[in-house]
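Reviewing the structure listed below.
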Amino acid sequence: MKMETIADNISSVLERIARAAESSGRLGSEILLLAVSKTMPARRIEEAVLAGQVHFGENRIQEARDKIPQLPEGLVWHLVGHLQSNKAKYCPALFDWVHSIDSVPLAKDIARRYREKGKVCRALVQVNVSGEEVKNGCEPGEAGGIIAALMQEEGTEPVGLMTIPPFDPDPEGSRPWFRALRQLRDDLSGRDIPPECLKELSMGMTGDFEVAVEEGATIVRVGTAIFGERGS
């Protein structure tokens, strides 16, 4: 029996994204597949690069610092894990996007760090839409203020919202939370926030990305369905 390769897995995920998009009247090309490469060695990431994957997500600063220099230039790196303020100084050298801005002080700190390096961070505000205590992210009512802070600072370009719903083995269990993030985006769009600052919805992972696409995701963060179980 043929072993599935990373290239096969990427092709399969893209096909699933396209089907989910079509079912909701969208195009698969509207959704960015972000390959979450946390815990994966550089050689596995290189296989994905050879298959045409460009956007990669990492969770931890130290791991990214070790791996990114081993990989080809021209890749686009996203920080998708929680960002501690004392690690923000490392971000400009590593990441083009940060998905986990969750406070005004962190927004201002990230902006300053990128500005000092002559760079611009594409920033998403992480929202804890479920209110789950163990999840990072701001409260929904705080998101607009954080986006406003990002808009005021040179060094950041706010582009949207991100969420991680509570774990549920049933993908349908994530749907209300994805819908809540989309509704928050729509509500914020009715205020003094330009549409380009809210165009991205980063939501959905291996277990539920098709539901996320159906609910309006523009970025899905997929690891296991591409690389296999962590450490495998």
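A few notes on this one:
- Unique match (being modelled with pLDDT of 95 or more, open to solvent by 60 Å² or more (accessible area, probe 1.4 Å), of a type in the set (D, E) and under 23 Å from A217 (Cβ atoms)) among D96, D66, D102: D96
- Contact map, segment 77-89: residues that are small (G, A, S) paired with residues that are open to solvent by 70 Å² or more (accessible area, probe 1.4 Å), Cβ distance under 9 Å, separation 6+ or inter-chain. Pairs shown: G81/R60; S85/P105; A88/R112.
- Segment 187-210, residues that are more than 13 Å from L34 (Cβ to Cβ) and open to solvent by less than 10 Å² (accessible area, probe 1.4 Å): L188, L198
- Which numbered condition L34 fails, given (1) farther than 30 Å from C138 by Cα; (2) out of contact with any helix residue (DSSP H, G or I) (no Cβ under 8 Å at 6 or more places or on another chain); (3) at pLDDT 95 or above: (1)
- The residues listed here are A18, A48; of these, the one that is without any contact (Cβ under 8 Å) to a residue 12 or more places away in the chain and either surrounded by 14 or more Cβ atoms within 10 Å (Cβ to Cβ) or in a helix (DSSP H, G or I) (or both) is A18.
- G173 meets all of the listed conditions (1) open to solvent by 40 Å² or more (accessible area, probe 1.4 Å); (2) over 29 Å from R113 (Cβ atoms); (3) not polar (S, T, N, Q) but one, namely (1).
- Flag if I147 is surrounded by 14 or more Cβ atoms within 10 Å (Cβ to Cβ), of a type in the set (A, V, I, L, M) and touching a strand residue (DSSP E or B) at 6+ places or on another chain (Cβ under 6 Å): yes
- Residues within segment 105-128 that are touching a strand residue (DSSP E or B) at 6+ places or on another chain (Cβ under 9 Å), in a loop (DSSP other than H, G, I, E, B) and open to solvent by 70 Å² or more (accessible area, probe 1.4 Å), tallied: 1
A quick yes/no check of all residues on (1) within 16 Å of A107 (Cα to Cα); (2) at pLDDT below 95:
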| site | (1), (2) |
| --- | --- |
| S130 | no, yes |
| N136 | yes, yes |
| E139 | yes, no |
| G144 | yes, no |
| I147 | yes, no |
| M151 | yes, no |
| E154 | yes, no |
| P158 | yes, no |
| M162 | yes, no |
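- Qualifying residue in segment 52-61 (condition: acidic (D, E) and surrounded by fewer than 19 Cβ atoms within 10 Å (Cβ to Cβ)): no
- Segment 152-163, subset out of contact with any strand residue (DSSP E or B) (no Cβ under 6 Å at 6 or more places or on another chain) and touching a residue at least 40 places away in the same chain (Cβ under 8 Å), residue nearest to K117 (Cα to Cα): G155
- When residues in segment 21-41 are screened for being open to solvent by less than 40 Å² (accessible area, probe 1.4 Å), over 11 Å from A225 (Cα atoms) and hydrophobic (A, V, I, L, M, F, W, C), 5 of them pass.
- Options G173, G131, G144: the member that is farther than 30 Å from A7 by Cα and assigned to a helix (DSSP H, G or I): G144
The values are calculated or read from the model by the stated rules, or taken from the named source; none is laboratory data. Since we're looking at a predicted model, the values are computed, not measured. So basically every Cβ, Gly included, is an ideal-geometry build from the backbone, and we count neighbours across all protein chains shown. SASA here: full protein model, heavy atoms, side chains in, ligands and nucleic acids out. Shrake-Rupley method; radii C 1.70, N 1.55, O 1.52, S 1.80 Å.
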